[in-house]
Every structure is written in structure tokens, then in C-alpha cells.
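As C-alpha cells, the structure follows; a few thoughts come after it.
The values are calculated or read from the model by the stated rules, or taken from the named source; none is laboratory data. Quick caveat, the model's predicted, so the values are computed rather than measured. Cβ placement follows ideal geometry from the backbone for every residue including glycine, while neighbour counts extend to all protein chains displayed. Accessible surface is based on the protein model in full, side chains and every heavy atom, while ligands, DNA and RNA are left aside. Shrake-Rupley method; radii C 1.70, N 1.55, O 1.52, S 1.80 Å.
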Protein chains: 2
Amino acid sequence: MDRFLSNTVSRIDAKGRVSVPAHFRAVVQKRGYSELYALRCLDLPAMDVGGLDLLDRYEQRIALEDPFLQTADDMSFFCHGDGAFLKLDQDGRITMSDFIREHTGVSSEVAFVGRGNFFQIWEPGRLAAYGAQARARLLQLRQGTKPGERPE
Amino acid sequence: MDRFLSNTVSRIDAKGRVSVPAHFRAVVQKRGYSELYALRCLDLPAMDVGGLDLLDRYEQRIALEDPFLQTADDMSFFCHGDGAFLKLDQDGRITMSDFIREHTGVSSEVAFVGRGNFFQIWEPGRLAAYGAQARARLLQLRQGTKPGERPE
DNA sequence: CCTATTCCCGTTGACGCCCATAGTGCCCCA
DNA sequence: TGGGGCACTATGGGCGTCAACGGGAATAGG
């Protein structure tokens with residue numbers, strides 16, 4: 001298995017550490033990620049976490065823009081300024097920095113959510129709420145609303 | 001890692017010194033910067049800080065202007081005459097000069113923001129405000145493009 | 001001579017490294 | 001088929017190292 005799938009909730013210990021689920025670590029290793037890149041989601045209280053290829057993708061995208069226009073600057077501001085590297089310690093744990101806590105609202109527990117090529121970090125309660133919304137949107141789609149729009 | 005990433009806030013001590021984040025110092029060393037050059041951003045209350053290659057970026061921009069126009073001259077004046085070298089002391093700290101304070105509005109705390117090939121210095125409050133604007137612009141961009149797509 | 005900078009040292013707290021323990025699933029064997 | 005034991009994960013905690021930070025002393029420059 002080489003994709004991030006399923007989701008788990010882990011407890012944060014007194015030192016602010018949390019174990020990355022074993023099956024996620026296995027994927028990380030299989031993909032050869034030596035470092036984890038975490039990015040604050042644009043419109044969600046979650047972090048996207050993946051390998052350096054995640055960052056590369058953004059940088060390639062930025063390269064397509066005129067470097068002196070606002071858009072390029074905004075993009076860099078987002079993926080560099082709102083991104084960070086996560087260090088896995090020897091026991092496969094990461095520490096929940098304020099950088100992550102501020103954006104996600106995480107305090108005592110963390111939800112890890114597989115998203116295929118990357119995974120996400122959520123505050124469990126918010127994840128549940130968002131999941132419910134997402135399901136509702138999909139249901140509505142099926143009922144015949146025109147597909148492809150993103151109701152916010 | 002060889003890119004300036006993430007953002008942190010540091011306190012300025014009574015002597016006006018502030019620690020450059022250890023991670024940034026590591027990048028500086030890895031890139032072989034012997035000196036740090038700080039430029040006032042053209043349109044933002046922030047400083048761009050990096051190696052001397054930082055100037056390349058600005059000079060490219062100047063080259064795009066008509067050399068007979070006032071703009072080119074203004075730009076040259078700005079980037080060549082309005083920059084300053086930052087000295088790292090033995091503990092990896094820099095001093096917040098009035099030159100920096102005037103332009104950024106920094107007083108008691110400084111935010112360091114990674115921007116890939118360089119980093120920025122902000123007054124934390126202003127950074128938050130600008131960051132929110134940048135995010136809003138990017139969101140708008142996304143809604144203008146094809147719906148439902150997310151970079152993986 | 002006075003002030004601003006630089007050097008150096010000590011303290012504190014955060015973080016990484018390592019080990020211990022408990023809970024769980026799995027496998028082998030009786 | 002049930003029990004014992006192995007393997008592994010999640011989690012807690014001790015401890016050493018290093019970064020952040022404050023402050024005294026030396027130095028330079030006006």
C-alpha cells in the first residue's frame with residue numbers, strides 16, 4: 001500500500017508529541033520521504049502533510065506566474081510562509097507546534113486523515129463537522145444540483 | 001533543507017537584539033551566505049533579507065523598465081541605496097536598527113517569514129493582516145478556476 | 001569621556017534521544 | 001480451538017544538548 005488512507009485519532013502527550021499512525025509512517029517510508037512538509041490549508045482549519053514533492057508542485061506552479069505580480073507573491077507567501085517541515089522523532093512522533101495548533105485548533109487530540117498522496121491533520125471535532133458538511137454537499141449533488149460548483 | 005520556510009515570532013531584547021531562528025541560520029550557512037542583505041520591500045512594510053543574490057531579483061525588475069523613465073531610476077535608488085547589511089553576532093542575533101524599525105513598524109517583537117530563497121521581517125500584527133489578505137486573494141483565484149481541484 | 005556595539009557567560013526552557021511499560025493483534029503449538 | 005508468547009504500536013518519562021535570551025564586561029568610535 002502506497003497511499004495515505006483512512007483516519008485515526010491520537011492523543012497528544014504532556015510534551016506536545018503525537019504518534020503518526022504506523023500505516024502512515026509505512027507509506028512515508030515506502031515513498032522515500034526523508035522530510036515531511038506541512039502546509040496550512042487555504043480555506044480549512046487543517047494541515048496538508050506530504051513529501052517535498054508537495055512543495056515542488058507549488059513552486060513549479062509559481063514559476064508559471066509573472067514573478068513581479070501580486071499573484072506570484074501571494075502564492076509564495078502561502079506555500080513558503082505558511083508551510084513548515086515536520087520532524088519525525090525516533091519513535092515516529094511529531095511535536096504539535098503552535099504553528100500547527102493556531103491554524104487547526106488542535107489541543108489534546110489530533111485526527112490524521114489519509115488523502116491519497118498526502119494526509120491531513122485536524123482537530124477531531126472540526127473534522128467531524130466538516131465531514132458532515134462534505135457528505136451533505138455530495139448528497140445534494142446527487143439529488144440533481146448542477147455538478148461542479150463549490151458551495152462555501 | 002535549503003529553503004527558508006515557515007514563520008516565527010521572536011522578542012527583541014533590551015539592547016535591540018533579536019535571535020534569527022536557528023532553522024534560518026542553518027539555511028544561510030548551507031547557502032553559503034557570508035553576509036545578509038536587507039532591502040525595504042517596495043510596496044510592503046517588510047524587509048526582504050537574503051544573500052547578495054537577492055539583488056539579482058530586483059535588478060531583473062529594473063531591467064524591465066525603460067531606462068529613460070523616472071521609474072527605473074527610482075527603483076535603482078531604492079534597491080541599491082536603500083539596503084543594509086545585517087550582521088549576525090556570535091549567538092546568531094541581529095540588531096534591529098532604526099532603518100528597519102521605520103519601514104516595518106517593528107517595536108517589541110519581530111516575525112520572520114520564510115519565502116523560499118529569502119526571508120522577510122515583519123511587525124507581527126501587520127503580517128497577520130497582510131496574510132489574511134493574501135489568503136483571500138488566493139481563494140478568489142481558486143474559485144475562478146475549475147471547481148473542485150486541489151493540488152495534491 | 002560617553003555611548004553604542006561586540007564578545008562572552010550563565011540561566012532557562014524546549015526539544016531530540018533513549019528506555020520503559022502497557023495494550024493489542026497474530027501466530028504457533030499443544 | 002484455546003492458551004501462551006512474540007511482535008509491535010502507542011504512550012509516558014528521564015536526561016542531555018542546544019537554542020533563546022538576559023546581562024556584565026571589553027572594545028571601538030565619535
Considering only A:37, A:62, A:23, whose Cα is most displaced toward the positive end of the charge dipole of the stretch A:19-77, charges sitting on Cβ of Lys, Arg (+1) and Asp, Glu (-1)?
A:23
For residue A:109, tell me the accessible area in Å² from a 1.4 Å probe, rounded to the nearest 10.
70 Å²
Taking the Cα centre of the protein assembly as shown as origin, work out the dipole magnitude from +1 charges on Lys and Arg Cβ and -1 charges on Asp and Glu Cβ, in debye rounded to 20.
1600 debye
Largest-first ordering by accessible area, 1.4 Å probe, given options A:103, A:23:
A:23, A:103
For residue A:3 paired with residue B:69, estimate the spin-label separation in nm (one decimal), with each label point 7 Å from Cα along the Cα-to-Cβ line.
5.1 nm
If the viscosity is 0.692 mPa s and the temperature 37 °C, what Stokes-Einstein diffusion coefficient in µm²/s follows for chain A when Rh is the Kirkwood radius over Cα pairs?
196 µm²/s
Relative contact order (%) - criterion: Cα under 8 Å, at least six apart; region: chain A
33 percent
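Excluding residue A:112 itself, what net charge comes from residues whose Cβ is under 13 Å from its Cβ, given Lys and Arg +1 and Asp and Glu -1?
Within the 13 Å Cβ shell, the charges total +1.
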Highest-MSF residue in chain B out of B:50, B:92, B:131 [GNM, Cα springs under 10 Å]:
B:131
Take the Cα pairs of the protein assembly as shown, get the Kirkwood Rh, then feed it into Stokes-Einstein at 25 °C and 0.890 mPa s and tell me D in µm²/s.
116 µm²/s
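Rounded to the nearest 0.05, what FRET efficiency do residue B:34 and residue B:99 give with R0 = 30 Å and r taken as the Cβ-Cβ distance? Could you check?
Working from the Cβ atoms, E equals 0.90.
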Computed about the Cα centre, the charge dipole of the stretch A:7-123 from +1 Lys/Arg and -1 Asp/Glu charges at the Cβ has a magnitude in debye, to the nearest 20, of 680 debye
Honestly the stretch B:1-58 on the Cα gyration tensor test (a ≥ b ≥ c root eigenvalues; a/c under 1.5 rounded, otherwise a/b vs b/c for prolate or oblate) is just oblate
Here is the link list: B:30/B:87; A:30/B:30; A:87/B:87. Which ones come out longer than 26 Å on Cα distance?
A:30/B:30; A:87/B:87
Rolling a 1.4 angstrom probe over the protein chains, ignoring ligands and nucleic acids, what is the accessible area of residue B:58 in square angstrom, nearest 10?
30 Å²
With only alpha-carbon pairs counted, each pair once and no self-pairs, how large is the Kirkwood hydrodynamic radius of the stretch A:28-103 in angstroms?
13.5 Å
Between copies, how far apart are the residue B:69 label points? List them in nm, one decimal, shortest first, with each point 7 Å from Cα toward Cβ, please?
1.7
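Using the Kirkwood radius built from alpha carbon pairs, what does the Stokes-Einstein equation give as D for the stretch A:67-111 at 37 °C and 0.692 mPa s, in µm² per second?
Translational D for this selection: 258 µm²/s.
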What residues of the stretch B:105-147 lose no less than 30 Å² of accessible area with every protein chain in place versus their chain by itself (probe 1.4 Å, heavy atoms only)?
B:115, B:130, B:135, B:137, B:138, B:139, B:141, B:142, B:143, B:147
Chains A and B together, accessible area buried on both sides, 1.4 angstrom probe, square angstrom
3200 Å²
